[in-house]
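Just below is one structure, and these are the notes that go with it.
The values are calculated or read from the model by the stated rules, or taken from the named source; none is laboratory data. Because the structure is predicted, anything quoted here is derived from the model rather than measured. Every residue, glycine among them, receives a Cβ derived from its backbone with ideal geometry; neighbour counts consider all protein chains shown.
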Amino acid sequence: MPRRARLRVITGSYEFRAIAVYRFGKWAEATFDSPVARPLRWILLAVHACLSRLVGRAYGIRIDRRAVIGRGLYIGHFAGIVVGPCRIGENCSIHQQVHLEEGVRGGRRGTPTIGHHVWIGAHSRIVGPVVVGDYSAVSAGSLVTDDVQPRTLVVGRPARIVNLNYDNTALLGAGPD
């Protein structure tokens, strides 16, 4: 693909813009932590907050700056995506109306941890201190409130295991490492 076409895809992509704003906030937070640079940090974080709000309104994608997101996050469709303070591994895919939220499970408050190469279908919610294992898939419309083992397909509200040795490569388009 020619360089100009690649640049058009990157700059014209709502996914790219949402993740770039998130990464800008993480960069500003980490880079300007010294006492001398703190005023610049506050200014950059205020710019980040404005850009984040703009992306949230324009595309319906809200990514909390406290989230820790690995490389290769794919946002399949915009609208209604809320990524709270959670951990997302590398090469994951999330779709419209997905919520990754802080919550309570077993009397313990916490945030979700999503493994590497996880596919999360549209209208799914993952709430509380749960772990979704590597190479798993959360079916569309699922509500995950319990841990999901690696290479597992879960479905439903509440999510239940449908397949324990699930191969999600057809969903993600790439094989296991």
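For the range 141-157, indicate whether the set of residues that are assigned to a loop (DSSP other than H, G, I, E, B), in contact with a Lys or Arg (Cβ under 8 Å, 6 or more places away or on another chain), among the hydroxyl-bearing types (Ser, Thr, Tyr) and crowded, with 20+ Cβ neighbours inside 10 Å is non-empty.
Within the range 141-157, the subset assigned to a loop (DSSP other than H, G, I, E, B) is 141-142, 145-147, 149-152, 156-157.
When the remaining residues are screened for being in contact with a Lys or Arg (Cβ under 8 Å, 6 or more places away or on another chain), the result is 141-142, 145-146.
Narrowing further to those that are among the hydroxyl-bearing types (Ser, Thr, Tyr): 142, 145.
Next cut, crowded, with 20+ Cβ neighbours inside 10 Å only: 142.
Scanning the range 141-157 turns up at least one residue that is assigned to a loop (DSSP other than H, G, I, E, B), in contact with a Lys or Arg (Cβ under 8 Å, 6 or more places away or on another chain), among the hydroxyl-bearing types (Ser, Thr, Tyr) and crowded, with 20+ Cβ neighbours inside 10 Å.
Do you know which of the residues in the range 98-127 that are touching a strand residue (DSSP E or B) at 6+ places or on another chain (Cβ under 7 Å) and polar (S, T, N, Q) is farthest from residue 59 (Cα to Cα)?
This residue is 113.
Within the range 26-36, identify whether any single residue is in contact with a helix residue (DSSP H, G or I) (Cβ under 6 Å, 6 or more places away or on another chain), of a type outside the set (S, T, N, Q), modelled with pLDDT of 85 or more and part of a helix (DSSP H, G or I), and answer yes or no.
First, the residues of the range 26-36 that are in contact with a helix residue (DSSP H, G or I) (Cβ under 6 Å, 6 or more places away or on another chain): 28, 32.
Within this subset, residues satisfying the condition of being of a type outside the set (S, T, N, Q) are 28, 32.
Imposing the further condition that a residue be modelled with pLDDT of 85 or more reduces the set to 28.
Going one step further and asking which of them are part of a helix (DSSP H, G or I), we end up with 28.
Yes, the conditions are met somewhere in the range 26-36.
Of the numbered conditions (1) within 19 Å of the chain's Cα centre (by Cα); (2) over 15 Å from residue 88 (Cβ atoms); (3) assigned to a loop (DSSP other than H, G, I, E, B), residue 167 fails exactly one; give the number of that condition.
Here residue 167 clears every test but (1).
What number of residues within the range 95-121 are modelled with pLDDT under 95 and of a type in the set (A, V, I, L, M, F, W, C)?
Final tally of qualifying residues: 1.
Can you find, within the range 41-93, the residue that is surrounded by the most Cβ atoms within 10 Å (Cβ to Cβ) among those that are in contact with an Asp or Glu (Cβ under 6 Å, 6 or more places away or on another chain) and over 21 Å from residue 172 (Cβ atoms)?
Per the stated criteria, the residue is 84.
Looking only at the range 91-125, which residues are among the aliphatic types (A, V, I, L, M) and either under 11 Å from the mean Cα position of the chain (by Cα) or part of a loop (DSSP other than H, G, I, E, B) (or both)? Before you say what the answer is, go through the steps one by one.
Of the range 91-125, the ones among the aliphatic types (A, V, I, L, M) are 94, 98, 100, 104, 114, 118, 120, 122.
Result: 94, 98, 100, 114, 118, 120, 122.
What do you reckon, is residue 55 in contact with a Lys or Arg (Cβ under 8 Å, 6 or more places away or on another chain), of a type in the set (A, V, I, L, M) and not in a strand (DSSP E or B)?
On the way: in contact with a Lys or Arg (Cβ under 8 Å, 6 or more places away or on another chain): yes; of a type in the set (A, V, I, L, M): yes; not in a strand (DSSP E or B): yes.
The answer is yes for residue 55.
Output the number of the condition that residue 49 fails; it satisfies all remaining conditions of (1) assigned by TED's automatic domain parsing to the domain that holds residue 145; (2) aliphatic (A, V, I, L, M); (3) within 17 Å of residue 22 (Cβ to Cβ).
Failing condition for residue 49: (1).
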